[in-house]
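Student: Sharing a structure, written as structure tokens. Questions coming.
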Amino acid sequence: MQVAEQLGELLDVAAPAVTVEQARALARDHFGLDVTVRPLTGERDRNFHLTDIRRRGYVLKVVHPAEDRAVTDFQSSALLHVAAVDPGLATPRVIRPRGSHFGDVAWRVAGEPDRRVRCLTFLEGRPLHLTERSPAQRRNLGAFLARLDLALAGFRHPAENHDLLWDLKQADRVRGLLADIPDAERRALPERALDRFSAHVLPVLPDLRAQVVHNDFNPHNVLAGATDDDRIAGVIDFGDMVRAPLIQDLATACAYQVSPEGHPLQGVAEMAAAFHAVCPILPRELAVLPELIATRLALTIAISSWRAARHPDNAEYILRNQGAAWTGLKRLDELSREDAINWLGAEIAKG
């Protein structure tokens, strides 16, 4: 708990409820949309899927009241920037409130804290976690992420360095959250990953290329085509964006591609090679990529274990990625640092 309190995090504070009727009124009054409304899941915000009479879809986001106004603007501004730099890239588009140049509007309810409300276009597609994995899909993922990072490369914002518990470059701060894993032998696995992060990654972080990154390119946030599992139809949920080493974004994405069979880094190599073809990975970034991938898995285990223990009513959603995280981390733990770097480098060089 102390870690989250120190960071001013939202993860352990439930957001006030929002009814479907309230969401419909917000869409109508502030964004000029006459819609049907369906609730969506979310980690911090209250989210709703909106559909208008022409079957166009939108997402209404009632932002958690503890979120800094500048962070909300950071997310909207980033989406506006990406749309301007790479208009063909499939990301949500910001629907501006009536009479406003900003991407959000204030909502005040008597007796409750003020909240911000945002509206985005809804991207059609199937969440990647429901699709069949393949080398072609991983290559398309890598190319898409590289294109997104290139679009974000020139973007700056006053809130880009906000504190975020999911910020991989500061992963060492979550050690205390591992106390919610009672089995000492099992707990030692993410602890070893954090030890390697502290020894080999932290000292070189200042030397790595940094920019604003998506920071959560996981199979729940990436969409595949309606009938083609290999086609990437878009990416959603820019709520974990932060300024960080560029390689952090690739490592976060690759953490969900650790192969359950064969070489542990086979799926990672397929994704990383495609990323490299669009946005070349520098040698000093490659040298920390395997450890950053393992660190992301340890971060997932630590935060989700801690949150699930405090929010058992939402445990299924919170723990949705934990099984794969334990499996992936165990597989990576079996590789030496040198073998992982050398094997991955050779595979990326092959293209």
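Student: Need the failing condition index for SER304 against (1) assigned to a helix (DSSP H, G or I); (2) touching a residue at least 24 places away in the same chain (Cβ under 8 Å); (3) small (Gly, Ala, Ser), just the number.
Tutor: Checking SER304 against (1) assigned to a helix (DSSP H, G or I); (2) touching a residue at least 24 places away in the same chain (Cβ under 8 Å); (3) small (Gly, Ala, Ser), the one that fails is (2).
Student: Right, next: Restricting to the stretch 73-121, name every residue that is part of a loop (DSSP other than H, G, I, E, B), within 25 Å of PHE144 (Cβ to Cβ) and without any contact (Cβ under 8 Å) to a residue 12 or more places away in the chain.
Tutor: Kept after step one, since they are part of a loop (DSSP other than H, G, I, E, B), are these residues of the stretch 73-121: 86-93, 95-103, 108-114.
Subset that is within 25 Å of PHE144 (Cβ to Cβ): 86-93, 95, 103.
Those that are part of a loop (DSSP other than H, G, I, E, B), within 25 Å of PHE144 (Cβ to Cβ) and without any contact (Cβ under 8 Å) to a residue 12 or more places away in the chain: PRO87, GLY88.
Student: On to the next question. Out of the residues in the stretch 199-237 that are of a type in the set (S, T, N, Q) and in a loop (DSSP other than H, G, I, E, B), state the one that is nearest to GLY88 (Cα to Cα). Outline the logic, then answer.
Tutor: As a first pass, look at the stretch 199-237 and keep what is of a type in the set (S, T, N, Q): 211, 215, 218, 221, 227.
Narrowing further to those that are in a loop (DSSP other than H, G, I, E, B): 215, 218, 221, 227.
On the way: ASN215: 21, ASN218: 21, ASN221: 18, THR227: 20 Å.
Going through the qualifying residues, I end up with ASN221.
Student: Sticking with this structure for a sec: Looking at ILE293, ILE236, ILE281, which is the one that is assigned by TED's automatic domain parsing to the domain that holds GLN322, modelled with pLDDT of 95 or more, farther than 21 Å from GLU43 by Cα and within 20 Å of the chain's Cα centre (by Cα)?
Tutor: Going through ILE293, ILE236, ILE281 in turn, the sole match is ILE293.
Student: Mind listing whichever residues of the stretch 21-43 are within 28 Å of ASN321 (Cβ to Cβ), among the hydrophobic types (A, V, I, L, M, F, W, C) and modelled with pLDDT of 95 or more?
Tutor: Pass one, the stretch 21-43, residues within 28 Å of ASN321 (Cβ to Cβ): 23, 37-43.
Now narrow it down to the ones that are among the hydrophobic types (A, V, I, L, M, F, W, C): 23, 37, 40.
Correct list: ALA23, VAL37.
Student: Quick one: in the stretch 90-139, of everything that is over 18 Å from the mean Cα position of the chain (by Cα) and among the polar types (S, T, N, Q), which residue is nearest to PHE31 (Cα to Cα)? Talk me through it step by step, then tell me what you get.
Tutor: Just the residues of the stretch 90-139 that are over 18 Å from the mean Cα position of the chain (by Cα), to begin with: 94-119, 121, 124, 131-137, 139.
Subsequent filtering for residues that are among the polar types (S, T, N, Q) retains 100, 121, 131, 134, 137.
Numbers: SER100: 10, THR121: 12, THR131: 34, SER134: 40, GLN137: 36 Å.
The residue in question is SER100.
Student: Those residues that are more than 22 Å from LEU40 (Cα to Cα) and surrounded by 14 or more Cβ atoms within 10 Å (Cβ to Cβ), I need them from the stretch 83-125; list them, please.
Tutor: Those that are more than 22 Å from LEU40 (Cα to Cα) and surrounded by 14 or more Cβ atoms within 10 Å (Cβ to Cβ): ALA83, VAL85, ASP86, LEU89, PHE102.
Student: So, in the stretch 312-336, of the ones that are assigned to a loop (DSSP other than H, G, I, E, B) and free of Cβ contacts under 8 Å to residues at least 40 places away in the same chain, which residue ends up farthest from LEU265 (Cα to Cα)?
Tutor: Kept after step one, since they are assigned to a loop (DSSP other than H, G, I, E, B), are these residues of the stretch 312-336: 319-321, 334-336.
Then drop every residue that is not free of Cβ contacts under 8 Å to residues at least 40 places away in the same chain, which leaves 319, 336.
On the way: LEU319: 23, SER336: 12 Å.
Among those that are assigned to a loop (DSSP other than H, G, I, E, B) and free of Cβ contacts under 8 Å to residues at least 40 places away in the same chain, it is LEU319.
Student: Quick one: which of ASP163, ASP172 is farther than 24 Å from PRO312 by Cα, in a helix (DSSP H, G or I) and modelled with pLDDT under 95? I'd like the intermediate steps shown before the answer.
Tutor: Working: ASP163 fails: in a helix (DSSP H, G or I).
None of the other options fit; the residue is ASP172.
Student: Another question, then. Do we find a residue being of a type in the set (A, V, I, L, M), at pLDDT below 95 and not assigned by TED's automatic domain parsing to the domain that holds SER77 anywhere in the stretch 260-272? First the steps, then the outcome.
Tutor: So the first thing to find is which residues in the stretch 260-272 are of a type in the set (A, V, I, L, M), and the list is 265, 268-269, 271-272.
Next, from what is left, pick out any that are at pLDDT below 95: none.
Taking every residue of the stretch 260-272 in turn, none turns out to be of a type in the set (A, V, I, L, M), at pLDDT below 95 and not assigned by TED's automatic domain parsing to the domain that holds SER77.
Student: Which residue out of VAL109, VAL117 is within 23 Å of LEU164 (Cα to Cα) and not assigned by TED's automatic domain parsing to the domain that holds MET271?
Tutor: Details: VAL109 fails: within 23 Å of LEU164 (Cα to Cα).
After ruling out the rest, the residue left standing is VAL117.
Student: Taking the condition in the same structural domain as ARG116 (by TED's automatic domain parsing) and without any contact (Cβ under 8 Å) to a residue 24 or more places away in the chain, does ALA70 pass?
Tutor: no
Here is a yes/no grid of residues against (1) surrounded by fewer than 17 Cβ atoms within 10 Å (Cβ to Cβ); (2) farther than 22 Å from MET241 by Cα; (3) in the same structural domain as ARG296 (by TED's automatic domain parsing); (4) touching a strand residue (DSSP E or B) at 6+ places or on another chain (Cβ under 8 Å):
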residue: ARG147; (1), (2), (3), (4): no, no, yes, no
residue: VAL201; (1), (2), (3), (4): no, no, yes, no
residue: VAL204; (1), (2), (3), (4): yes, no, yes, no
residue: ASN218; (1), (2), (3), (4): no, no, yes, no
residue: ASN221; (1), (2), (3), (4): no, no, yes, yes
residue: GLY225; (1), (2), (3), (4): yes, yes, yes, yes
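Student: Another question about this same structure. Name the residue, out of ILE281, ILE247, ILE293, that is of a type in the set (Val, Ile, Thr), within 25 Å of LEU150 (Cα to Cα) and surrounded by fewer than 23 Cβ atoms within 10 Å (Cβ to Cβ).
Tutor: Details: ILE247 fails: surrounded by fewer than 23 Cβ atoms within 10 Å (Cβ to Cβ); ILE293 fails: surrounded by fewer than 23 Cβ atoms within 10 Å (Cβ to Cβ).
Every option except ILE281 fails the conditions.
Student: Does PRO182 satisfy the criteria of being closer than 20 Å to ASP68 by Cβ and assigned to a loop (DSSP other than H, G, I, E, B)?
Tutor: Details: closer than 20 Å to ASP68 by Cβ: no; assigned to a loop (DSSP other than H, G, I, E, B): yes.
Taking the combined requirement at face value, the residue does not satisfy it.
Student: Looking at (1) surrounded by fewer than 20 Cβ atoms within 10 Å (Cβ to Cβ); (2) touching a Phe, Trp or Tyr at 6+ places or on another chain (Cβ under 8 Å), which is the only condition ILE232 fails?
Tutor: So the condition that ILE232 fails would be (1).
The values are calculated or read from the model by the stated rules, or taken from the named source; none is laboratory data. Keep in mind that what you see is a predicted model, and the values were worked out from it rather than measured. No Cβ is skipped: glycine too gets one built from the backbone with ideal geometry, and neighbour counts run over all protein chains shown.
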